[in-house]
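Here the structure comes first, spelled out in structure tokens, and everything after it is commentary.
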Amino acid sequence: MDRFGNAGAPEDLIYAAVLLIAIAGSYFWYNRLSFNQTLQSALVWAMIFLGAVGIYGMWDTISKNLSPNQTLVSEAEISVPRDTDGHFYLTLKINDVPVEFLVDTGASDLVLTKQDAQRVGISVDDLAFLGTAQTANGEVRIARTQLDKVELGQFLDHRVFASVNGGAMRGSLLGMSYLSRFDALEIGQNRLTLRR
């Protein structure tokens, strides 16, 4: 499964297995006289195939370990690389609690999931979900709130307005109400850079 819960196609694996069985069967048929040699070769190729499948299945983990997601910080800017899924992610401290955000320049607000809101000390049961927002999945109810302290690296902001999504959401979104606090937002060479 990918980071958002999408499963791969199982029928592709079935087709690959059928193809592999057909190729192996024809190989054994034509080389049946030297069965021991054929069996050894088949085992070697099976191990190579299984290794390739394993590497393919774990490629996201392997690539993250080979080139870790490095955040570059200077006095006036923060720069993060594009993730393997094509998006940018930033971890902010909300009231001293780390929360991972998907950077979404199409979102007008900083939007917390109910779970993240509870983690940072917001009583979700006390919120009034009176507003609405349009999302890719349709209209959702939202509640306005104010965050006492928001930190991104060396940048600290107090009393930051945000919304809490009343519906199901895979992760919190970092929209333009927060991003516009920066003087510049640049995307280039697979990096997102924020400057103040």
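The values are calculated or read from the model by the stated rules, or taken from the named source; none is laboratory data. Bear in mind that the values here come from a model prediction, so they are computed numbers and not experimental data. Here Cβ is always computed from backbone atoms with ideal geometry, including for glycine, and neighbour counts include all displayed protein chains.
Condition test on residue 140, is it more than 24 Å from residue 186 (Cβ to Cβ), hydrophobic (A, V, I, L, M, F, W, C) and touching a residue at least 24 places away in the same chain (Cβ under 8 Å)? When the stated conditions are applied, residue 140 passes them.
Here residue 116 clears all of (1) under 24 Å from the mean Cα position of the chain (by Cα); (2) surrounded by fewer than 20 Cβ atoms within 10 Å (Cβ to Cβ) except the condition numbered (2).
The residue of the stretch 131-177 that is modelled with the lowest pLDDT, among those that are among the small types (Gly, Ala, Ser) and out of contact with any strand residue (DSSP E or B) (no Cβ under 6 Å at 6 or more places or on another chain), is 136.
Residue count for the stretch 159-174, restricted to those that are surrounded by 21 or more Cβ atoms within 10 Å (Cβ to Cβ) and more than 20 Å from residue 123 (Cβ to Cβ): 2.
Matching residues to (1) assigned to a loop (DSSP other than H, G, I, E, B); (2) in contact with a Ser or Thr (Cβ under 7 Å, 6 or more places away or on another chain); (3) more than 19 Å from residue 156 (Cα to Cα); (4) at pLDDT below 95:
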site: 61; (1), (2), (3), (4): no, no, yes, yes
site: 65; (1), (2), (3), (4): no, no, yes, yes
site: 70; (1), (2), (3), (4): yes, no, yes, yes
site: 78; (1), (2), (3), (4): no, yes, no, yes
site: 84; (1), (2), (3), (4): yes, yes, yes, yes
site: 87; (1), (2), (3), (4): yes, no, yes, yes
site: 98; (1), (2), (3), (4): no, yes, no, no
site: 105; (1), (2), (3), (4): yes, no, yes, yes
site: 108; (1), (2), (3), (4): yes, yes, yes, yes
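Among the residues of the stretch 150-176, those identified as free of Cβ contacts under 8 Å to residues at least 60 places away in the same chain and among the charged types (D, E, K, R) are 151, 157, 159.
Only one of 105, 193, 113 is touching a residue at least 60 places away in the same chain (Cβ under 8 Å), touching a Gly at 6+ places or on another chain (Cβ under 8 Å) and of a type in the set (Val, Ile, Thr); which? Give the steps one after another, and end with the answer.
Working: 193 fails: touching a Gly at 6+ places or on another chain (Cβ under 8 Å); 113 fails: touching a residue at least 60 places away in the same chain (Cβ under 8 Å).
After applying the criteria, what remains is 105.
Checked against (1) surrounded by 12 or more Cβ atoms within 10 Å (Cβ to Cβ); (2) part of a strand (DSSP E or B), residue 156 meets all criteria but (1). Residue-level analysis places residue 54 outside the set of residues that are at positive phi, at pLDDT below 65 and either under 27 Å from the mean Cα position of the chain (by Cα) or not assigned by TED's automatic domain parsing to the domain that holds residue 187 (or both).
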